[in-house]
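The values are calculated or read from the model by the stated rules, or taken from the named source; none is laboratory data. Source: prediction; values computed, not measured. Cβ placement follows ideal geometry from the backbone for every residue including glycine, while neighbour counts extend to all protein chains displayed. The accessibility values were calculated without ligands, DNA or RNA, using every heavy atom of the protein model including side chains. Shrake-Rupley method; radii C 1.70, N 1.55, O 1.52, S 1.80 Å.
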Amino acid sequence: MPLPRFRYVAPESLEAACELLAEHGDRARVMAGGTDLLLRMKRLPRAGAPEVVIGLRGVPGLDTIRIDDGGLSIGALTLLASVAGSTDVNRLCPALASAARSTATVQIRNMGTVVGNLCNASPAADTATPLLVYGASVLLVRPGGERRTVPLEDFFLGPGRTALGPGEIVAEVRVPPPCGRAGSDYQRLSQRSRVDIAAVCVSTLVCLDRDGSAARVRIALGAVAPVPLRAKSAERVLEGRPPTAELVAQAAAAAAREARPISDVRSSGEYRRRMVEVLARRSLVRSASLAGGAA
Amino acid sequence: MAKVTIDLRVNGEPHEVAVHPWRTLAQALREDLGLTGTKIGCETGDCGACTVLIDGRSVTSCLTLAVEAAGREITTIEGVAPSGTDLDALQEAFVRLGAVQCGYCTSGMILSARYLLSHNPAPTELEIRQALSGNLCRCTGYQKIVEAIAEAAKANG
(Lines give C-alpha, C1' and ligand atoms only; values in the text may rest on other atoms or scores of the structure.)
Protein backbone atom coordinates (compact mmCIF):
# COMPACT_ATOMS: atom_id res chain seq x y z
CA MET A 1 0.00 0.00 0.00
CA PRO A 2 2.22 2.83 -1.24
CA LEU A 3 1.56 6.46 -0.47
CA PRO A 4 0.39 8.62 -3.35
CA ARG A 5 2.82 11.26 -4.60
CA PHE A 6 2.90 14.58 -2.82
CA ARG A 7 5.16 17.55 -2.21
CA TYR A 8 6.52 17.76 1.33
CA VAL A 9 7.27 21.12 2.86
CA ALA A 10 8.72 21.73 6.30
CA PRO A 11 8.21 25.37 7.34
CA GLU A 12 10.20 26.66 10.30
CA SER A 13 7.45 28.72 11.90
CA LEU A 14 3.71 28.32 12.44
CA GLU A 15 3.06 31.55 10.58
CA ALA A 16 4.96 30.20 7.54
CA ALA A 17 2.95 26.97 7.80
CA CYS A 18 -0.28 29.01 7.80
CA GLU A 19 0.85 30.94 4.71
CA LEU A 20 1.57 27.67 2.90
CA LEU A 21 -1.79 26.26 3.93
CA ALA A 22 -3.59 29.40 2.76
CA GLU A 23 -1.67 29.33 -0.53
CA HIS A 24 -2.49 25.69 -1.34
CA GLY A 25 -5.97 25.54 0.20
CA ASP A 26 -7.76 22.22 -0.09
CA ARG A 27 -4.81 20.68 -1.94
CA ALA A 28 -2.68 20.81 1.22
CA ARG A 29 -2.88 19.10 4.59
CA VAL A 30 -1.01 19.84 7.81
CA MET A 31 0.81 16.91 9.40
CA ALA A 32 1.87 16.46 13.01
CA GLY A 33 2.41 12.78 13.89
CA GLY A 34 0.92 11.58 10.60
CA THR A 35 -0.76 8.50 12.04
CA ASP A 36 -4.20 9.53 10.78
CA LEU A 37 -3.18 11.54 7.72
CA LEU A 38 -0.75 9.06 6.14
CA LEU A 39 -3.13 6.19 6.81
CA ARG A 40 -5.96 8.05 5.09
CA MET A 41 -3.67 8.96 2.18
CA LYS A 42 -2.80 5.30 1.68
CA ARG A 43 -6.48 4.41 1.55
CA LEU A 44 -7.82 7.30 -0.49
CA PRO A 45 -8.07 7.12 -4.24
CA ARG A 46 -5.27 9.12 -5.84
CA ALA A 47 -7.55 12.00 -6.81
CA GLY A 48 -8.70 12.63 -3.24
CA ALA A 49 -5.23 12.75 -1.68
CA PRO A 50 -3.54 16.06 -0.80
CA GLU A 51 -0.85 17.28 -3.21
CA VAL A 52 1.09 19.10 -0.53
CA VAL A 53 1.90 17.87 2.97
CA ILE A 54 2.96 20.59 5.40
CA GLY A 55 5.07 18.91 8.07
CA LEU A 56 5.14 20.75 11.39
CA ARG A 57 8.15 18.85 12.72
CA GLY A 58 10.56 21.68 11.84
CA VAL A 59 8.61 24.27 13.85
CA PRO A 60 10.35 24.78 17.20
CA GLY A 61 8.47 25.02 20.49
CA LEU A 62 5.41 22.94 19.62
CA ASP A 63 6.39 19.83 21.60
CA THR A 64 5.53 21.25 25.00
CA ILE A 65 3.46 20.69 28.12
CA ARG A 66 3.32 24.03 29.96
CA ILE A 67 1.69 25.18 33.17
CA ASP A 68 0.66 28.82 33.14
CA ASP A 69 -1.57 30.52 35.72
CA GLY A 70 -2.44 27.09 37.04
CA GLY A 71 -3.77 25.92 33.67
CA LEU A 72 -2.22 23.50 31.24
CA SER A 73 -1.14 24.04 27.61
CA ILE A 74 -0.30 21.18 25.28
CA GLY A 75 1.51 22.03 22.04
CA ALA A 76 0.62 20.86 18.55
CA LEU A 77 3.49 18.33 18.41
CA THR A 78 3.17 16.92 21.94
CA LEU A 79 2.90 13.15 21.71
CA LEU A 80 0.06 11.14 23.20
CA ALA A 81 2.80 9.20 25.03
CA SER A 82 4.22 12.41 26.56
CA VAL A 83 0.77 13.46 27.78
CA ALA A 84 0.05 9.97 29.14
CA GLY A 85 3.30 9.98 31.10
CA SER A 86 3.38 13.62 32.23
CA THR A 87 3.18 14.12 36.02
CA ASP A 88 1.60 17.55 35.46
CA VAL A 89 -1.14 16.11 33.23
CA ASN A 90 -1.72 13.20 35.62
CA ARG A 91 -2.08 15.67 38.51
CA LEU A 92 -4.18 18.37 36.83
CA CYS A 93 -6.10 16.40 34.20
CA PRO A 94 -6.03 12.71 35.18
CA ALA A 95 -8.89 11.80 32.81
CA LEU A 96 -6.88 13.21 29.89
CA ALA A 97 -3.78 11.23 30.90
CA SER A 98 -5.93 8.12 31.16
CA ALA A 99 -7.47 8.73 27.72
CA ALA A 100 -4.05 9.31 26.16
CA ARG A 101 -2.82 6.05 27.71
CA SER A 102 -5.71 4.12 26.20
CA THR A 103 -5.41 5.53 22.68
CA ALA A 104 -4.35 2.97 20.06
CA THR A 105 -1.00 1.20 20.57
CA VAL A 106 2.37 2.00 22.12
CA GLN A 107 3.83 2.87 18.71
CA ILE A 108 0.92 5.10 17.69
CA ARG A 109 1.15 6.94 21.03
CA ASN A 110 4.85 7.48 20.29
CA MET A 111 3.95 9.09 16.95
CA GLY A 112 0.49 10.63 17.27
CA THR A 113 -0.30 13.88 19.07
CA VAL A 114 -3.18 15.09 21.24
CA VAL A 115 -3.77 18.10 18.97
CA GLY A 116 -3.74 15.81 15.93
CA ASN A 117 -6.29 13.58 17.64
CA LEU A 118 -8.54 16.66 18.02
CA CYS A 119 -7.97 17.99 14.48
CA ASN A 120 -8.77 14.60 12.98
CA ALA A 121 -12.22 15.23 14.51
CA SER A 122 -13.25 11.64 14.93
CA PRO A 123 -16.41 11.37 17.04
CA ALA A 124 -14.55 8.58 18.88
CA ALA A 125 -11.33 10.57 19.56
CA ASP A 126 -10.09 9.40 22.96
CA THR A 127 -8.71 12.74 24.09
CA ALA A 128 -11.77 14.81 23.07
CA THR A 129 -14.19 13.97 25.90
CA PRO A 130 -11.77 14.57 28.80
CA LEU A 131 -10.75 17.90 27.27
CA LEU A 132 -14.44 18.82 26.91
CA VAL A 133 -15.13 18.21 30.62
CA TYR A 134 -12.06 20.24 31.61
CA GLY A 135 -13.40 23.17 29.56
CA ALA A 136 -10.47 23.18 27.13
CA SER A 137 -10.06 25.56 24.22
CA VAL A 138 -7.83 25.51 21.19
CA LEU A 139 -5.53 28.34 20.15
CA LEU A 140 -5.62 28.85 16.38
CA VAL A 141 -3.04 30.72 14.35
CA ARG A 142 -3.83 32.17 10.94
CA PRO A 143 -1.71 33.70 8.18
CA GLY A 144 -0.19 36.96 9.36
CA GLY A 145 0.20 35.51 12.83
CA GLU A 146 -3.19 36.57 14.13
CA ARG A 147 -4.51 34.26 16.86
CA ARG A 148 -7.95 33.33 18.14
CA THR A 149 -9.20 31.00 20.83
CA VAL A 150 -12.07 28.60 20.19
CA PRO A 151 -13.76 26.60 22.96
CA LEU A 152 -13.31 22.92 22.17
CA GLU A 153 -17.11 22.56 22.32
CA ASP A 154 -17.38 24.78 19.25
CA PHE A 155 -14.39 23.24 17.45
CA PHE A 156 -16.01 19.98 16.32
CA LEU A 157 -18.52 20.43 13.50
CA GLY A 158 -18.94 16.85 12.30
CA PRO A 159 -16.93 13.72 11.55
CA GLY A 160 -13.59 15.01 10.19
CA ARG A 161 -14.88 18.60 10.22
CA THR A 162 -13.65 21.37 12.51
CA ALA A 163 -13.99 25.12 12.94
CA LEU A 164 -10.53 25.63 11.41
CA GLY A 165 -10.78 28.32 8.75
CA PRO A 166 -8.65 28.64 5.60
CA GLY A 167 -4.96 28.79 6.49
CA GLU A 168 -5.61 28.17 10.19
CA ILE A 169 -3.58 25.76 12.32
CA VAL A 170 -4.02 24.71 15.95
CA ALA A 171 -0.97 25.86 17.92
CA GLU A 172 -2.01 24.34 21.23
CA VAL A 173 -4.86 23.13 23.39
CA ARG A 174 -5.37 24.88 26.73
CA VAL A 175 -7.06 23.68 29.88
CA PRO A 176 -8.06 26.24 32.55
CA PRO A 177 -7.00 25.67 36.18
CA PRO A 178 -9.03 22.96 37.89
CA CYS A 179 -11.64 23.85 40.52
CA GLY A 180 -10.96 22.87 44.13
CA ARG A 181 -12.33 19.52 45.38
CA ALA A 182 -12.53 18.15 41.84
CA GLY A 183 -12.64 14.60 40.62
CA SER A 184 -12.55 13.49 37.00
CA ASP A 185 -12.55 10.21 35.14
CA TYR A 186 -12.44 8.65 31.67
CA GLN A 187 -14.26 5.45 30.68
CA ARG A 188 -14.15 3.70 27.34
CA LEU A 189 -15.57 0.58 25.86
CA SER A 190 -14.38 -1.29 22.80
CA GLN A 191 -14.30 -4.89 21.70
CA ARG A 192 -10.63 -5.38 22.53
CA SER A 193 -10.45 -3.00 25.51
CA ARG A 194 -7.34 -1.31 24.04
CA VAL A 195 -5.83 -0.81 20.61
CA ASP A 196 -9.11 -0.51 18.72
CA ILE A 197 -11.26 2.58 18.32
CA ALA A 198 -13.73 3.20 21.14
CA ALA A 199 -17.33 2.12 20.62
CA VAL A 200 -18.36 4.45 23.44
CA CYS A 201 -16.34 6.80 25.61
CA VAL A 202 -17.47 8.96 28.50
CA SER A 203 -15.63 11.54 30.60
CA THR A 204 -16.95 13.24 33.70
CA LEU A 205 -15.84 15.99 36.08
CA VAL A 206 -17.41 16.70 39.46
CA CYS A 207 -16.48 19.76 41.54
CA LEU A 208 -17.87 19.81 45.07
CA ASP A 209 -18.98 22.73 47.24
CA ARG A 210 -18.08 22.95 50.92
CA ASP A 211 -21.46 21.48 51.80
CA GLY A 212 -20.81 18.47 49.56
CA SER A 213 -23.17 19.39 46.76
CA ALA A 214 -21.92 19.33 43.19
CA ALA A 215 -21.02 22.91 42.23
CA ARG A 216 -20.04 21.94 38.72
CA VAL A 217 -20.68 18.76 36.77
CA ARG A 218 -19.41 18.05 33.29
CA ILE A 219 -20.29 14.97 31.26
CA ALA A 220 -18.97 14.41 27.75
CA LEU A 221 -19.81 11.56 25.41
CA GLY A 222 -17.76 10.17 22.52
CA ALA A 223 -18.60 7.91 19.58
CA VAL A 224 -22.34 8.33 20.11
CA ALA A 225 -23.00 11.40 17.93
CA PRO A 226 -21.43 13.09 14.87
CA VAL A 227 -19.17 15.01 17.29
CA PRO A 228 -17.90 14.44 20.83
CA LEU A 229 -20.52 16.29 22.88
CA ARG A 230 -21.48 17.54 26.33
CA ALA A 231 -24.55 15.95 27.91
CA LYS A 232 -25.83 19.21 29.35
CA SER A 233 -29.26 18.14 30.57
CA ALA A 234 -27.57 15.27 32.43
CA GLU A 235 -25.15 17.76 34.02
CA ARG A 236 -28.10 19.87 35.23
CA VAL A 237 -29.62 16.85 36.99
CA LEU A 238 -26.67 16.84 39.40
CA GLU A 239 -25.57 20.46 39.62
CA GLY A 240 -26.39 22.11 42.93
CA ARG A 241 -27.26 18.78 44.52
CA PRO A 242 -25.25 16.20 46.42
CA PRO A 243 -24.08 13.38 44.11
CA THR A 244 -26.13 10.62 45.70
CA ALA A 245 -26.38 7.23 44.03
CA GLU A 246 -29.95 7.98 43.02
CA LEU A 247 -29.17 11.34 41.39
CA VAL A 248 -26.11 9.89 39.66
CA ALA A 249 -28.32 7.16 38.17
CA GLN A 250 -30.80 9.79 36.98
CA ALA A 251 -28.02 11.84 35.42
CA ALA A 252 -26.62 8.77 33.66
CA ALA A 253 -30.06 7.96 32.25
CA ALA A 254 -30.36 11.55 31.04
CA ALA A 255 -26.95 11.28 29.36
CA ALA A 256 -28.13 8.17 27.48
CA ARG A 257 -31.13 10.14 26.20
CA GLU A 258 -28.81 12.85 24.88
CA ALA A 259 -26.71 10.40 22.86
CA ARG A 260 -27.53 10.11 19.16
CA PRO A 261 -25.69 6.89 18.34
CA ILE A 262 -25.53 5.12 15.01
CA SER A 263 -24.98 1.42 14.38
CA ASP A 264 -21.67 0.52 12.73
CA VAL A 265 -18.95 -2.14 12.79
CA ARG A 266 -17.97 -1.26 16.34
CA SER A 267 -21.38 -1.47 17.96
CA SER A 268 -25.11 -1.24 17.46
CA GLY A 269 -26.72 2.09 18.23
CA GLU A 270 -28.95 0.50 20.87
CA TYR A 271 -25.99 -1.04 22.69
CA ARG A 272 -24.14 2.27 22.55
CA ARG A 273 -27.06 4.09 24.16
CA ARG A 274 -27.30 1.54 26.98
CA MET A 275 -23.57 1.66 27.54
CA VAL A 276 -23.60 5.46 27.77
CA GLU A 277 -25.81 5.04 30.82
CA VAL A 278 -23.53 2.40 32.36
CA LEU A 279 -20.29 4.26 31.68
CA ALA A 280 -21.70 7.65 32.72
CA ARG A 281 -22.86 6.18 36.03
CA ARG A 282 -19.54 4.45 36.61
CA SER A 283 -17.62 7.58 35.71
CA LEU A 284 -19.74 9.94 37.84
CA VAL A 285 -19.39 7.64 40.85
CA ARG A 286 -15.66 7.64 40.42
CA SER A 287 -15.37 11.39 39.85
CA ALA A 288 -17.56 12.14 42.88
CA SER A 289 -15.53 9.82 45.05
CA LEU A 290 -12.24 11.32 43.84
CA ALA A 291 -13.65 14.75 44.63
CA GLY A 292 -14.33 13.54 48.14
CA GLY A 293 -18.11 13.22 47.93
CA ALA A 294 -20.48 10.31 48.36
CA ALA A 295 -22.09 8.33 45.47
CA MET B 1 8.94 15.17 -8.62
CA ALA B 2 12.49 15.50 -7.40
CA LYS B 3 14.05 13.27 -4.82
CA VAL B 4 15.36 14.78 -1.62
CA THR B 5 18.75 13.86 -0.24
CA ILE B 6 18.55 13.06 3.45
CA ASP B 7 20.86 11.76 6.16
CA LEU B 8 19.53 8.63 7.80
CA ARG B 9 21.43 7.63 10.93
CA VAL B 10 20.75 3.91 11.33
CA ASN B 11 22.26 1.81 14.11
CA GLY B 12 24.90 4.48 14.66
CA GLU B 13 25.96 4.63 11.00
CA PRO B 14 25.23 7.65 8.82
CA HIS B 15 23.74 7.04 5.35
CA GLU B 16 23.04 9.56 2.63
CA VAL B 17 19.90 8.52 0.74
CA ALA B 18 17.91 10.14 -2.05
CA VAL B 19 14.19 9.56 -1.51
CA HIS B 20 10.87 10.82 -2.76
CA PRO B 21 8.86 12.62 -0.07
CA TRP B 22 6.24 9.84 -0.14
CA ARG B 23 8.77 7.12 0.65
CA THR B 24 8.14 5.54 4.04
CA LEU B 25 10.95 4.84 6.46
CA ALA B 26 10.16 1.12 6.15
CA GLN B 27 10.69 1.27 2.37
CA ALA B 28 13.89 3.31 2.71
CA LEU B 29 15.36 0.92 5.27
CA ARG B 30 14.55 -2.19 3.27
CA GLU B 31 14.96 -1.05 -0.31
CA ASP B 32 17.52 1.77 -0.16
CA LEU B 33 19.69 0.49 2.70
CA GLY B 34 19.07 -3.26 2.29
CA LEU B 35 18.13 -3.62 5.97
CA THR B 36 15.46 -6.25 5.35
CA GLY B 37 15.21 -7.28 9.00
CA THR B 38 12.46 -4.66 9.30
CA LYS B 39 9.33 -6.39 7.98
CA ILE B 40 6.36 -4.85 6.22
CA GLY B 41 3.03 -6.37 7.19
CA CYS B 42 -0.24 -4.44 7.20
CA GLU B 43 1.25 -1.10 6.09
CA THR B 44 -1.40 0.65 8.15
CA GLY B 45 0.31 0.89 11.52
CA ASP B 46 -1.64 -1.96 13.09
CA CYS B 47 0.58 -5.07 13.02
CA GLY B 48 3.87 -3.70 14.33
CA ALA B 49 6.08 -5.85 12.07
CA CYS B 50 7.85 -2.68 10.88
CA THR B 51 8.56 -1.36 14.39
CA VAL B 52 11.87 0.47 14.77
CA LEU B 53 13.15 2.90 17.40
CA ILE B 54 13.55 6.56 16.57
CA ASP B 55 15.41 8.54 19.24
CA GLY B 56 14.69 5.63 21.56
CA ARG B 57 10.92 5.52 20.99
CA SER B 58 9.16 2.68 19.19
CA VAL B 59 7.30 3.71 16.03
CA THR B 60 5.80 1.93 13.04
CA SER B 61 8.10 2.75 10.14
CA CYS B 62 5.28 2.14 7.60
CA LEU B 63 3.56 5.31 8.84
CA THR B 64 6.76 7.34 9.16
CA LEU B 65 8.06 9.39 6.24
CA ALA B 66 11.75 8.80 5.55
CA VAL B 67 12.20 12.58 5.20
CA GLU B 68 10.86 13.04 8.75
CA ALA B 69 13.28 10.45 10.16
CA ALA B 70 16.25 12.33 8.76
CA GLY B 71 18.85 13.39 11.30
CA ARG B 72 17.33 11.27 14.08
CA GLU B 73 18.75 8.15 15.71
CA ILE B 74 17.16 5.05 14.16
CA THR B 75 17.58 1.54 15.59
CA THR B 76 16.52 -1.50 13.57
CA ILE B 77 16.77 -5.19 14.42
CA GLU B 78 20.18 -5.23 12.71
CA GLY B 79 21.44 -2.86 15.41
CA VAL B 80 20.23 -4.87 18.41
CA ALA B 81 22.97 -7.50 18.66
CA PRO B 82 26.19 -6.19 20.24
CA SER B 83 28.36 -7.90 17.58
CA GLY B 84 28.21 -10.14 14.55
CA THR B 85 28.61 -13.23 16.73
CA ASP B 86 26.73 -12.34 19.94
CA LEU B 87 23.05 -11.84 20.54
CA ASP B 88 21.53 -9.41 22.99
CA ALA B 89 19.66 -10.70 26.08
CA LEU B 90 16.24 -10.35 24.41
CA GLN B 91 17.36 -12.21 21.29
CA GLU B 92 18.97 -14.94 23.45
CA ALA B 93 15.75 -15.36 25.42
CA PHE B 94 13.60 -15.47 22.26
CA VAL B 95 15.81 -18.26 20.86
CA ARG B 96 16.07 -20.23 24.08
CA LEU B 97 12.36 -20.13 24.90
CA GLY B 98 11.12 -20.80 21.37
CA ALA B 99 9.52 -17.38 20.99
CA VAL B 100 10.34 -17.33 17.28
CA GLN B 101 7.90 -19.30 15.19
CA CYS B 102 7.62 -18.16 11.57
CA GLY B 103 9.75 -15.16 12.53
CA TYR B 104 7.88 -12.46 10.66
CA CYS B 105 6.79 -10.54 13.76
CA THR B 106 10.02 -11.15 15.67
CA SER B 107 11.94 -8.00 14.69
CA GLY B 108 9.04 -5.80 15.73
CA MET B 109 8.46 -7.79 18.91
CA ILE B 110 12.08 -7.43 19.95
CA LEU B 111 12.16 -3.69 19.28
CA SER B 112 8.89 -3.17 21.19
CA ALA B 113 10.33 -5.24 24.04
CA ARG B 114 13.54 -3.23 23.96
CA TYR B 115 11.52 -0.01 24.19
CA LEU B 116 9.56 -1.42 27.14
CA LEU B 117 12.69 -2.51 29.03
CA SER B 118 14.36 0.85 28.35
CA HIS B 119 11.81 2.63 30.56
CA ASN B 120 10.54 -0.27 32.67
CA PRO B 121 13.36 -2.75 33.38
CA ALA B 122 11.21 -5.06 35.54
CA PRO B 123 7.77 -5.22 33.91
CA THR B 124 4.88 -7.36 35.18
CA GLU B 125 3.30 -9.88 32.82
CA LEU B 126 0.39 -7.49 32.24
CA GLU B 127 2.78 -4.65 31.41
CA ILE B 128 4.59 -6.89 28.92
CA ARG B 129 1.30 -7.83 27.26
CA GLN B 130 0.20 -4.20 27.09
CA ALA B 131 3.58 -3.20 25.68
CA LEU B 132 3.00 -5.68 22.84
CA SER B 133 -0.51 -4.40 22.07
CA GLY B 134 0.78 -2.95 18.82
CA ASN B 135 2.53 -6.13 17.66
CA LEU B 136 0.59 -8.98 16.11
CA CYS B 137 1.87 -12.57 15.86
CA ARG B 138 -0.26 -14.48 13.40
CA CYS B 139 1.27 -17.77 14.57
CA THR B 140 -0.37 -16.61 17.84
CA GLY B 141 2.72 -17.60 19.81
CA TYR B 142 2.29 -14.81 22.34
CA GLN B 143 2.84 -16.92 25.46
CA LYS B 144 6.46 -17.74 24.67
CA ILE B 145 7.14 -14.18 23.54
CA VAL B 146 5.86 -12.84 26.86
CA GLU B 147 7.93 -15.43 28.75
CA ALA B 148 11.05 -14.56 26.75
CA ILE B 149 10.71 -10.86 27.53
CA ALA B 150 10.23 -11.60 31.24
CA GLU B 151 13.30 -13.83 31.12
CA ALA B 152 15.39 -11.16 29.38
CA ALA B 153 14.28 -8.59 31.96
CA LYS B 154 15.50 -10.93 34.70
CA ALA B 155 18.81 -11.50 32.90
CA ASN B 156 19.29 -7.73 32.60
CA GLY B 157 18.33 -7.14 36.23
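Return a whole-number percent for the relative contact order of the range B:61-155, with Cα pairs under 8 Å and 6 or more residues apart as the contact set. Relative contact order for the range B:61-155 comes out at 34 percent. Using just its DSSP H runs of length 4 or more, each adding -39500 (n - 2.57), chain B gives a mean residue ellipticity at 222 nm of -9000 deg cm²/dmol after division by all residues. In this label model, residue A:146 and residue B:122 are separated by 5.9 nm, measuring between points 7 Å along each Cα→Cβ vector.
Peptide A:56-63 shows a mean partner chain C-beta count of 1 within 10 Å per residue C-beta. Axis of helix A:14-24 versus longest Cα principal axis of chain A: the two differ by about 70°, to the nearest ten degrees.
Here is how the number arises for chain A: DSSP H runs of 4 or more residues each give -39500 (n - 2.57), the sum is divided by the residue count, and the result at 222 nm is -9500 deg cm²/dmol. Label separation (residue B:156 vs residue B:9): 2.2 nm, computed from points 7 Å beyond Cα along the C-beta direction.
Shown in residue order for the range B:11-25 are the 3J(HN,Hα) couplings computed by the Karplus curve 6.51 cos²θ - 1.76 cosθ + 1.60 at θ = phi - 60°: 6, x, 9, x, 9, 9, 10, 9, 10, 6, x, 8, 6, 7, 4 Hz (x for Gly and Pro). Grab the beta carbon distance between residue A:257 and residue A:22, set R0 = 45 Å, and tell me the FRET efficiency rounded to 0.05. In this case the efficiency is close to 0.60. Once Rg and the Kirkwood radius are both taken over the C-alpha atoms of the range A:182-291, their ratio Rg/Rh works out to 0.99.
Radius of gyration over Kirkwood radius for the range A:237-295, both on Cα atoms: the Rg/Rh ratio is 1.07. Think of each Lys and Arg Cβ as +1 and each Asp and Glu Cβ as -1; about the Cα centre, that makes the dipole of chain A roughly 900 debye. Taking chain A, the Cys residues with no second Cys beta-carbon under 4.7 angstrom are A:18, A:93, A:119, A:201.
Contact residues in the range B:51-72 by the 50 Å² criterion (accessible area, 1.4 Å probe, full protein complex versus chain alone): B:57, B:63, B:65, B:68. The length gained by stretching the chain between residue A:282 and residue A:64 to full extension, at 0.36 nm per residue less their Cα-Cα distance, is 75.2 nm.
Here the range A:136-295 has 49 percent of its accessible surface on carbon and sulfur atoms, given a 1.4 Å probe and all protein chains in place. According to the calculation over all Cα-Cα pairs in the range A:65-175, the P(r) per 5 Å bin from zero is 2, 13, 24, 27, 19, 11, 4, 0 %. Charged side chains reduced to their Cβ positions (Lys and Arg at +1, Asp and Glu at -1) give the range B:54-157 a dipole of some 260 debye around its Cα centre. The fraction of all Cα pairs in the range B:89-156 landing in successive 5 Å bins from 0 to the largest distance is 4, 21, 35, 28, 11, 2, given as whole percents. In the range B:28-157, the inverse of the mean reciprocal separation of distinct Cα atoms equals 14.7 Å; this is its Kirkwood hydrodynamic radius. For residue A:289, the accessible area of its heavy atoms, probed at 1.4 Å with every protein chain present, is near 70 square angstrom. Working ranking of peptides B:11-21, A:53-63, A:71-81 by packing, defined as the average number of other Cβ atoms within 10 Å per residue, highest first, is A:71-81, A:53-63, B:11-21.
Rounded to the nearest 10 square angstrom, residue B:124 shows an accessible area of 70 square angstrom against a 1.4 Å probe. Placing +1 on the Cβ of every Lys and Arg and -1 on the Cβ of every Asp and Glu, with nothing else charged, gives the range A:1-153 a dipole about its Cα centre of roughly 620 debye.
Say the dipole of the protein assembly as shown comes from +1 at the beta carbon of Lys and Arg and -1 at that of Asp and Glu; which of B:133, B:24, B:79 then lies farthest toward its positive end? The residue sitting most towards the positive pole is B:133.
For the set A:24, B:119, the ranking by accessible area, highest first and with no ligand, DNA or RNA atoms included, is B:119, A:24 under a 1.4 Å probe. Largest accessible area first, the listed residues A:168, B:127 line up as B:127, A:168 when surface is computed with a 1.4 Å probe on the assembled protein chains. Rounded to the nearest 100, the interface formed by chains B and A buries 2400 square angstrom of accessible surface, both chains summed, with a 1.4 Å probe. Measure nothing but the geometry: give the 0 to 90° angle between the long axis through the Cα atoms of A:245-258 and the longest principal axis through the Cα atoms of chain A, rounded to 10°. Between the helix axis and the principal axis of chain A, the angle is about 40 degrees.
Taking the charge dipole of the range A:7-55 about its Cα centre, with +1 at Lys and Arg Cβ atoms and -1 at Asp and Glu Cβ atoms, the residue from A:41, A:52, A:20 reaching farthest to the positive side is A:41.
Here each label is just a point 7 Å from Cα along the line to Cβ, and for residue A:44 and residue A:154 those points are 2.8 nm apart. Accessible area per residue for chain A is 41 Å², calculated with a 1.4 Å probe on protein heavy atoms, without ligands, DNA or RNA. If you model the range A:7-55 as an ellipsoid using its alpha carbon gyration tensor, with each semi-axis the square root of five times an eigenvalue, the axes come out at 19, 12, 7 Å, biggest first. When the Gaussian network model of chain B links Cα atoms closer than 10 Å, the mean-square fluctuations of B:111, B:33, B:136 top out at B:33.
Counting every alpha-carbon pair across the range B:4-79, the share separated by more than 13 Å comes to 59%. Ordered from largest to smallest accessible area (heavy atoms of protein chains, 1.4 Å probe), the residues B:149, A:108 come out as A:108, B:149.
Residues in the range A:226-232 carry Karplus couplings, in order, of x, 9, x, 9, 7, 9, 6 Hz; the curve used is 6.51 cos²θ - 1.76 cosθ + 1.60 with θ = phi - 60°, and Gly or Pro positions show x. Estimated at the nearest 10 Å², the accessible area of residue B:46 is 80 Å² with a 1.4 Å probe. Note that the protein assembly as shown, at 4 °C in a medium of 1.567 mPa s, gets a Stokes-Einstein diffusion coefficient of 56 µm²/s from its Kirkwood radius over C-alpha pairs.
Kindly report the accessible area of chain B per residue (heavy atoms of protein chains, probe 1.4 Å, no ligands, DNA or RNA), in Å². Here the residues of chain B average 44 Å² of exposed surface. Computed from backbone phi, the HN-Hα couplings of the range A:279-286 come to 5, 5, 5, 4, 5, 5, 4, 5 Hz, rounded to whole numbers (Karplus: 6.51 cos²θ - 1.76 cosθ + 1.60, θ = phi - 60°; Gly and Pro given as x).
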